[in-house]
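Values in this text are rule-based calculations from the coordinates and carry no lab data. Since the structure is predicted, the reported quantities are computational estimates derived from the model, not experimental observations. Cβ atoms come from the backbone with ideal geometry, glycine included; neighbour counts cover every protein chain shown.
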Amino acid sequence: MNGWLLAHARAIDDAWRRLRAQPLSAALSVLVIGIALSLPLALSQVLAQAQGFAARFTSNPQVSVFLAPTAQPGQRQAVEEKLLAHAAAKRVHFIGRDAALQDLSRSAGLRDVLEVLETNPLPDAFVVDVAGGAKAVEQLRRDAAGWPGVEHVQSDTQWAQRLEALLGVMRTVVLVVATMLASGLVAITFNTIRLQILGRRAEIEVAQLIGATDGFVRRPFLYFGLLQGLLGAIVAWALVAVMATAIGQELAILNRLYGSAIRFGLPSAGMVLGVSTLCALLGALGAALSVQDYLRRGRAK
Amino acid sequence: MLNLSHASKRYPGGIEALHDVSLTIERGQLVLVEGDSGAGKSTLLKLLSAIELPSAGAVVIDGQNTRALGTRALALLRRQFGVIFQDHKLLFDRNAFENVMLPLDIGGFERREAQRRARAALDKVGLLHKEKALPVALSGGEQQRLCIARAIVHRPSVIVADEPTGNLDQTQAERVLDMLDSFNALGVTMVISTHDRMARERLDGQRVCLQSGALIEPALAAR
């Protein structure tokens with residue numbers, strides 16, 4: 001094995017031994033890091049699900065044109081023809097009031113409530129898939145609102161757009177929280193390494209007197225920080241998995257009742273790998289800053 | 001070759017430990033640095049082994065001016081030396097074997113070769129049977145010999161010993177001095193500071209005398 005690899009192998013071995021030599025304190029540090037990291041990771045998972053949910057609607061904008069209960073068949077025919085001829089309409093689908101009532105009673109579990117109604121309160125409606133963005137939706141909405149027999153026109157994407165705007169705010173919040181907690185990871189590692197350096201000061205000083213380079217001094221601490229960050233990330237992912245399992249069971253009940261498909265999914269392998277690598281690097285950064293601070297102070301003396 | 005040219009050392013606080021010292025030590029030479037306590041012997045040894053840098057003047061080791069070197073180059077230069085510290089500077093949480101392994105770990109020696117060398121060095125100073133003992137379990141003489149084992153284990157070209165017989169009884173001191181003499185006989189450059197009369201009598205080498213930080217023995221003054 002060449003000298004460079006040998007030095008790194010020894011540093012990793014040294015870091016691992018140091019970690020095992022203080023199991024309680026190492027476990028507590030790792031746990032603190034894990035708990036702190038699990039919060040933004042869990043939030044980001046929720047966010048990813050919500051984003052997917054909103055994207056399904058915003059990528060396929062629809063407009064619902066509700067006819068007045070008093071609309072005549074001729075008026076319905078005219079509205080359909082106008083919609084088919086409209087530049088913004090991609091596909092026009094008619095949902096009769098009886099079919100709408102059946103759908104509602106099936107999908108939302110409202111059968112009991114709807115059965116007590118004497119008459120069907122739902123109107124006939126056209127659901128229009130819109131070709132184009134927000135402008136096309138708005139144009140169609142404005143045009144259709146003025147046609148005879150039309151009582152109300154609703155853009156189905158509006159709430160999704162609002163949700164997306166809300167998710168934008170949430171994304172920023174998650175980013176800010178993640179940045180703060182990442183800084184916390186660096187600070188925790190900085191302090192852990194500072195305490196370790198204090199405990200090993202005599203050893204470091206002797207090593208420097210007999211020819212240890214800064215790299216030789218720094219290496220075991222860098223690997224310690226790296227290992228601590230990595231283990232913290234593993235704990236964080238484990239906590240997220242526990243949360244996903246617990247919440248998943250509740251969501252399954254909710255999905256069964258409302259016929260929805262909302263899930264708190266597990267992260268992808270790429271995300272686990274990426275975040276774990278980032279945490280390991282942040283741990284190493286905290287350690288590097290701590291050792292650098294010690295070496296700088298030593299030189300100043 | 002070690003060369004001091006008008007070297008001075010002033011510590012923070014204004015204390016000048018060494019003043020305008022010029023000195024040349026050739027390869028394989030044995031030099032005894034004499035002087036009372038506080039004369040500047042330890043400081044001179046620290047300058048010669050690149051542990052300290054001069055405040056003024058120059059210290060040149062094998063053609064390298066220590067003041068012109070960076071941190072890494074200085075560390076690498078120190079590996080050429082075996083230093084026997086006055087206070088041993090042993091690591092008390094590591095056993096004798098691990099203490100001797102330290103310079104070899106720093107030097108990046110292959111593990112098996114390092115272990116072989118560490119045991120040979122311990123054997124040389126008569127401590128192989130105590131390789132697992134912590135320094136606290138060793139006598140003063142044994143600690144001194146352990147420090148010597150650590151200084152020679154990487155086969156340095158120069159050994160610098162600061163009061164190697166201080167605090168030792170006569171038998172232990174004679175043993176240590178014989179050991180140092182034997183290293184010099186093998187061609188290792190030796191710089192030994194001492195105010196021990198027995199050491200001065202037993203070791204045959206060039207003498208440098210310091211008083212209040214200045215060189216007063218002209219024999220080795222700058223040529």
Problem set entry | Rg to Rh, two decimals, where the protein assembly as shown supplies the alpha carbon set and Rh follows Kirkwood | 1.33
Exercise. Once phi is turned into θ = phi - 60°, what whole-Hz ³J(HN,Hα) does the Karplus curve with 6.51, -1.76 and 1.60 give for every residue of the range B:143-153, x standing for Gly and Pro?
Worked result: 4, 5, 5, 5, 5, 5, 4, 5, 6, 9, 4
Exercise. Using a Gaussian network for chain B with springs between C-alpha atoms less than 10 Å apart, which of these wobbles most: B:Ser157, B:Ser37, B:Ser49?
Worked result: B:Ser37
Exercise. With contacts defined as alpha carbon pairs under 8 Å and 6 or more residues apart, what's the relative contact order of the range A:1-132 in percent?
Worked result: 30 percent
Exercise. Given a cut-off of under 8 Å on Cα pairs at least six residues apart, what relative contact order in percent is computed for chain B?
Worked result: 31 percent
Exercise. In a solvent-free Debye calculation with one equal scatterer on each Cα, what is log10 I(q)/I(0) for chain A at q = 0.06, 0.08 Å⁻¹, listed in the order of the q values?
Worked result: -0.41, -0.59
Seminar exercise, completed: Taking Rh as the Kirkwood radius computed over alpha-carbon pairs of the range A:68-128 and applying Stokes-Einstein at 4 °C with viscosity 1.567 mPa s, one gets a diffusion coefficient in µm² s⁻¹ of 99 µm²/s
For this session: Using just the helices of chain A, give the 222 nm mean residue ellipticity in deg cm²/dmol: DSSP H runs with n ≥ 4 each add -39,500 (n - 2.57), and the total is spread over all residues, rounded to 500.
Result: -26000 deg cm²/dmol
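Among B:Thr24, A:Thr119, B:Thr171, B:Thr165, rank each residue by its count of other Cβ atoms within 10 Å, from fewest to most, as a rough exposure measure. Don't skip to the end; give the middle numbers.
Working: B:Thr24 15, A:Thr119 6, B:Thr171 9, B:Thr165 24.
Least crowded to most crowded, the residues run A:Thr119, B:Thr171, B:Thr24, B:Thr165.
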Seminar exercise, completed: Over all Cα pairs of the range A:14-86, the Kirkwood radius sets Rh, and Rg/Rh then becomes 1.60
Problem set entry | Prolate/oblate/rounded call for the range A:73-225, Cα gyration tensor, a/c under 1.5 rounded | prolate
Seminar exercise, completed: By the Cα gyration tensor axes a ≥ b ≥ c (a/c under 1.5 gives rounded; else a/b larger than b/c gives prolate, otherwise oblate), the shape of the range B:146-223 is oblate
Problem set entry | Point-charge dipole on Cβ atoms (K/R +1, D/E -1) for chain B, about Cα centre, debye to 20 | 720 debye
Exercise. Based on the alpha-carbon gyration tensor of the range B:1-40 and its eigenvalue square roots a ≥ b ≥ c, which shape applies: rounded if a/c is under 1.5, prolate if not and a/b is larger than b/c, or oblate?
Worked result: oblate
For this session: Could you check which residue among A:Ala202, A:Ala26, A:Ala178 shows the biggest mean-square fluctuation in a GNM of chain A with a 10 Å Cα cutoff?
Result: A:Ala202
Exercise. Using a simple spin-label model with points 7 Å from Cα along the Cα→Cβ vector, what separation in nm is obtained for A:Trp16 and A:Leu257?
Worked result: 5.0 nm
For this session: Could you tell me which GluC sites (Glu not before Pro) in the range B:29-117 are loop residues by DSSP with no more than 16 other beta carbons within 10 angstrom of their beta carbon?
Result: B:Glu110
Exercise. So what is the relative contact order of chain A, in percent, for Cα pairs below 8 Å that sit 6 or more residues apart?
Worked result: 30 percent
Problem set entry | Length added when fully stretched, A:Ala241-A:Ser268, from 0.36 nm per residue minus Cα-Cα | 8.5 nm
Problem set entry | Antiparallel bridges, percent of DSSP beta bridges restricted to the protein assembly as shown (to nearest 5) | 65 percent
Exercise. What whole number of Å gives the distance from the Cα centroid of the range B:1-24 to the Cα centroid of the range B:93-146?
Worked result: 33 Å
Seminar exercise, completed: From DSSP H assignment alone, runs of 4+ in chain B each adding -39500 (n - 2.57), the sum over residues rounded to the nearest 500 puts [θ] at 222 nm at -10500 deg cm²/dmol
Seminar exercise, completed: Taking the alpha-carbon centre of each part, the distance from the range B:48-78 to the range A:223-245 in Å is 46 Å
Exercise. When averaged across all projection directions, what area in nm² does the alpha-carbon convex hull of the range A:168-262 cover?
Worked result: 8.8 nm²
Exercise. Dividing the Cα radius of gyration by the Kirkwood radius, what Rg/Rh value follows for chain B?
Worked result: 0.96
Problem set entry | Label-to-label distance, nm, for residues given as B:Arg155 and A:Asn120 (7 Å Cα→Cβ offset) | 10.0 nm
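How large is the charge dipole for the protein assembly as shown, taken about the Cα centre, if only the Cβ atoms of Lys, Arg (+1) and Asp, Glu (-1) carry charge, to the nearest 20 debye?
Dipole magnitude for the protein assembly as shown comes out near 720 debye.
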